[in-house]
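Heads up, the thing below is written out as structure tokens.
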Amino acid sequence: MSDKIKFLMEGKECTGKPGQSILQAADDNGVYIPRLCYHPDLKPGGSCRVCTVNVNGRNMAACTTPVADGMVILNETEELRDLRRALVEMLFIEGNHYCPFCEKSGNCELQALAYRLKIMAPRFPYMFPERKLDATHPAIFIDGNRCIQCGRCVRAAEEVDHKPILGFIGRGVAMRIKAGSSKGLAGVEIGPEDACVKVCPVGSIIVRETAYRTPIGKRTYDHQPIGSDIEARAPES
Amino acid sequence: MVKAKIATTSLAGCFGCHMSILDIDERILKLAELVEFDKSPINDIKRFSGQCDVGLIEGGCCNHENVEVLRAFRKRCNILVSVGECALMGGLPALRNGIPMTECLKEAYLDGPSVVDGSIPNDPELPLILDKVYPCHEVVKIDYFLPGCPPSADLIWESLVGLLTGREADLPYELIKYD
């Protein structure tokens, strides 16, 4: 068997390696597939579905589908763009996302995706749910208002930090991230350097006394859309 | 040439978006060539003189008066634009949406640390407060949205000129921000 997988991405010939997901192979070829719950250091979660691409006529999550020889993949169709917009819009209306005063604004992957997808306002009515804040820890807090239940922190705690201190409680729309102690975050061993803290794509897990240090104009997504770094990897044609 | 008519209002907002409209600086002279301001806090005209082409709405709906004004704008403006995060999603005033109304009023007017001999306002002249703060597009049909807190003067300018001249607005990545 060849160690090179050939596939077509938006009509362009691309190569991948055995064992790679569609998303990883696309990254190597400089094609950015929008994603949210995926993080390069973690096993794919496959929960947000933002990375949905069309593979040989069917829609599948690019982060959990292994790339295979002869795949014909579409990424930037109007249908997929609208699907992604709808998913991101639902995340916005399902939580309480106040960008104007959020510590993560400008560095937030949810916000950056919305910018990239050119979302001007969500099409769904806002839910304004009641969410909880865990401010029991002296150095870190978890703001449930901004959580999108991507599960990155849960996976990072297990896979990278090797201490399963965070988990999900509840199901469906009531699902929440929670620290595994009756005392909340104060009852678990967690520190600002832990991967589970750093992988949060939104402003849900925040290290205290670090907010608003970067001026507007110098934040990660102020000038370049999310995914620009991946697109820069594209070979010159 | 007949000038387009434009109306603006601030509902449950802070007037920051209106400040951003003024922030177009000297382009306001060019704007004056393109439009005539109808009802707006900028010229202090209180009543619509007739049908307007464009209405700019700042702020969401937190009380009955906001809803009434917004409905009047919908009726009187051919194109209605939500300007800023409060109009789009309620913004800061919507922080009360998760708190029961009684608790909110009690904290503000009865139990607050600086309140002396407090009472909950109940004058018939005061518009009644709504159960929560509503984004404008959940009350009336909104045609366009300009996000931002406030939307930058360049975003407002580009969009407005686009609307008034009938060409698609050129909105670079950096102009669309939610903060």
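The values are calculated or read from the model by the stated rules, or taken from the named source; none is laboratory data. Not measured: the values here are computed from a predicted model. A quick note on method: Cβ atoms are made from the backbone with ideal geometry, for glycine too, and the neighbour counts reach across all protein chains shown. Side chains are part of the model used for accessible areas, which takes the heavy atoms of the whole protein and leaves out ligands, DNA and RNA. Shrake-Rupley method; radii C 1.70, N 1.55, O 1.52, S 1.80 Å.
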Exceeding 20 Å between C-alpha atoms, which entries from my cross-link table qualify? They are A:LYS104/A:LYS198; A:LYS178/A:LYS198; A:LYS43/A:LYS104; A:LYS118/B:LYS75. A:LYS43/A:LYS104; A:LYS118/B:LYS75
Carbon and sulfur together cover what percent of the accessible area of chain A at a 1.4 Å probe radius? 53
Beyond 24 Å, what share of the Cα-Cα pairs of region A:87-207 remains, rounded to the nearest whole percent? 25
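Can you give the helix-only mean residue ellipticity at 222 nm for chain B, where every DSSP H stretch with n ≥ 4 adds -39500 (n - 2.57) and the sum goes over all residues, rounded to the nearest 500 deg cm²/dmol? Numbers along the way, then the final one.
Values: 6 runs with 52 residues, N = 179.
Helices in chain B give a 222 nm mean residue ellipticity of -8000 deg cm²/dmol.
For chain B, what relative contact order do you get, as a whole percent, if you take Cα pairs closer than 8 Å and at least 6 residues apart? Kindly include the intermediate steps, with their values, before the conclusion.
Numbers: 322 pairs, mean separation 44.4, N = 179.
Rounded, it is 25 percent for chain B.
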For region B:1-66, size of Cβ-based charge dipole, Lys and Arg +1, Asp and Glu -1, in debye: 200
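So for region A:1-137, averaging the separation of alpha carbon pairs under 8 Å that are six or more residues apart and normalising by length, what relative contact order in percent results?
22
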Using a 1.4 Å probe on protein heavy atoms, which residues of region A:114-149 have at least 40 Å² less accessible area in the complex than alone? A:TYR115, A:MET120, A:ALA121, A:TYR126, A:PHE128
Partner chain coverage, peptide A:217-230 - average Cβ within 10 angstrom: 1
Might you report the magnitude of the Cβ-based charge dipole of region A:87-207 about its Cα centre, with Lys and Arg at +1 and Asp and Glu at -1, to the nearest 20 debye? 340
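Summed for both chains, how many Å² of accessible area, to the nearest 100, are buried between B and A with a 1.4 Å probe? Provide the component values of the computation, followed by the final result.
On the way: alone 10570 and 12760 Å², together 21130 Å².
Summing both chains' loss of accessible area gives about 2200 Å².
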Could you pull out every one of the aspartates and glutamates with an alpha carbon less than 16 Å from that of B:LYS106, ignoring same-chain neighbours closer than 8 positions? B:ASP117, B:ASP131
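For an R0 of 22 angstrom, estimate the FRET efficiency from the Cβ-Cβ distance between B:ASP117 and B:PHE15 and round to the nearest 0.05. Show your work: numbers first, answer last.
Numbers: r = 31 Å, r/R0 = 1.41.
Efficiency, rounded to the nearest 0.05: 0.10.
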Given the options A:ASN54, B:ALA94, B:SER20, identify the residue whose Cα lies farthest towards the positive end of the charge dipole of the protein assembly as shown (+1 on Cβ of Lys, Arg; -1 on Cβ of Asp, Glu). A:ASN54
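From the gyration tensor of the Cα coordinates in region A:1-106, what semi-axes in whole Å does the equivalent ellipsoid have, largest first, with each one equal to sqrt(5λ)?
On the way: eigenvalues 162, 46, 25 Å².
Ellipsoid semi-axes (Å, largest first): 28, 15, 11.
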Using a 1.4 angstrom probe, figure out how much accessible area the protein assembly as shown has per residue, in square angstrom, rounded to the nearest whole. 51
Selected from B:GLY166, B:HIS64, B:PRO147, residue furthest toward positive end of dipole (chain B; charges at beta carbon): B:GLY166
Determine the dipole magnitude for chain A: charges of +1 sit on the beta-carbon of Lys and Arg, -1 on that of Asp and Glu, nothing else is charged, the reference point is the Cα centre, and the result goes in debye to the nearest 20. 540
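Could you estimate the translational diffusion coefficient of chain B from the Stokes-Einstein equation, with Rh from the Kirkwood formula over C-alpha pairs, at 4 °C and 1.567 mPa s, in whole µm²/s?
Working: Rh = 17.3 Å.
Answer from the Stokes-Einstein relation: 75 µm²/s.
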Taking Rh as the Kirkwood radius computed over C-alpha pairs, what is the Stokes-Einstein D of chain A at 25 °C in a medium of viscosity 0.890 mPa s, expressed in µm² per second? 130
Starting from one equal scatterer on each C-alpha and no solvent at all, send me the Debye-based log10 I(q)/I(0) for the protein assembly as shown at q = 0.07, 0.08, 0.09 Å⁻¹, two decimals. -0.41, -0.53, -0.67
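Grab the DSSP H runs of chain A that are 4 residues or longer, score each as -39,500 (n - 2.57), total them, divide by all residues and round the 222 nm result to the nearest 500 deg cm²/dmol.
On the way: 6 runs with 48 residues, N = 237.
My calculation for chain A gives -5500 deg cm²/dmol from helical runs alone.
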For peptide A:99-110, how many partner chain Cβ atoms fall within 10 Å of a residue's Cβ, on average? 3
Given the whole protein assembly as supplied and a 1.4 Å probe, what does the accessible area of B:ASP143 come to in Å², nearest 10? 50
